[in-house]
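Below is one structure; the comments refer to it alone.
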Amino acid sequence: MDETEALPKLREDFRMQNKSVFILGASGETGRVLLKEILEQSLFSKVTLIGRRKLTFHEEAYKNVNQEVVDFEKLDDYASAFQGHDVGFCCLGTTRNKAGAGEVEARVEELKFDRYSVFRPAVLLCDRQEFRPGEWLIRKFFGSLPKSWASGYSVPVETVVRAMLNNAVRPSSEKMELLDNTAIHHLGKADSSLKP
């Protein structure tokens with residue numbers, strides 16, 4: 001059975017383990033789509049958002065989402081917000097220039113997780129709530145190109161989220177995984193039972 005065929009069973013087995021998850025950056029584009037997909041798939045028994053402020057949700061699906069407000073400048077004071085979770089997703093948006101090549105991975109390595117995955121998508125294709133003129137122009141440019149070419153330089157945020165969740169449910173013997181844009185496209189499209 002290949003990876004695509006195995007994903008529905010892996011997802012169901014994962015769901016039965018009653019794992020808990022935290023999400024950093026749920027107010028951003030990737031975090032918002034990730035939260036929605038996590039709730040739709042019912043993958044986790046407990047979902048906690050960790051952020052600078054509480055988010056407001058009106059839909060019934062969000063009623064059991066826990067929220068922890070933290071000061072990122074004094075993160076050590078809020079260690080308890082991160083405890084008791086099996087999985088964590090960090091969707092704090094940044095550019096590669098701001099993140100510092102390899103610096104983020106080095107800092108995560110210091111935390112001694114059993115397993116962690118770093119996703120390095122190309123230009124995210126999404127409809128942002130905030131207007132970024134440069135990104136708007138790039139999205140228009142990539143939108144006019146053939147998908148086979150554009151996918152090498154861009155990726156829909158939904159594909160990134162599906163890749164993140166598919167990666168979380170599949171077992172791995174690797175302590176650290178680095179997924180580039182090509183791997184994100186492959187893993188994000190690995191299960192046709194999820195909506196495109």
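The values are calculated or read from the model by the stated rules, or taken from the named source; none is laboratory data. Everything numeric in this text was worked out from a predicted model, so none of it was measured. Glycine also receives a Cβ, built like all others from the backbone with ideal geometry; neighbour counts cover every protein chain displayed.
When the residues of region 172-186 are filtered to those that are without any contact (Cβ under 8 Å) to a residue 60 or more places away in the chain and under 21 Å from Q17 (Cα atoms), which remaining residue is surrounded by the fewest Cβ atoms within 10 Å (Cβ to Cβ)? Give the steps one after another, and end with the answer.
Filtering region 172-186 down to residues without any contact (Cβ under 8 Å) to a residue 60 or more places away in the chain leaves 172-174, 182-183, 185-186.
Next, only the ones that are under 21 Å from Q17 (Cα atoms) stay: 172-174.
Details: S172: 11, S173: 5, E174: 9.
So, considering only residues that are without any contact (Cβ under 8 Å) to a residue 60 or more places away in the chain and under 21 Å from Q17 (Cα atoms), the one surrounded by the fewest Cβ atoms within 10 Å (Cβ to Cβ) is S173.
Do we find a residue being surrounded by 10 or more Cβ atoms within 10 Å (Cβ to Cβ), modelled with pLDDT of 90 or more and of a type in the set (K, R) anywhere in region 61-83?
no
Return the residues of region 68-92 that are under 15 Å from I38 (Cα atoms) and not aromatic (F, W, Y); say none if nothing qualifies.
Initially, region 68-92 is screened for residues under 15 Å from I38 (Cα atoms), giving 85-91.
Matches in region 68-92: H85, D86, V87, G88, C90, C91.
Checking the structure you have, find out if any residue of region 105-113 is in a strand (DSSP E or B) and at pLDDT 80 or above. Walk me through it before giving the result.
Going residue by residue through region 105-113, those that are in a strand (DSSP E or B) are none.
No - not one qualifying residue is present in region 105-113.
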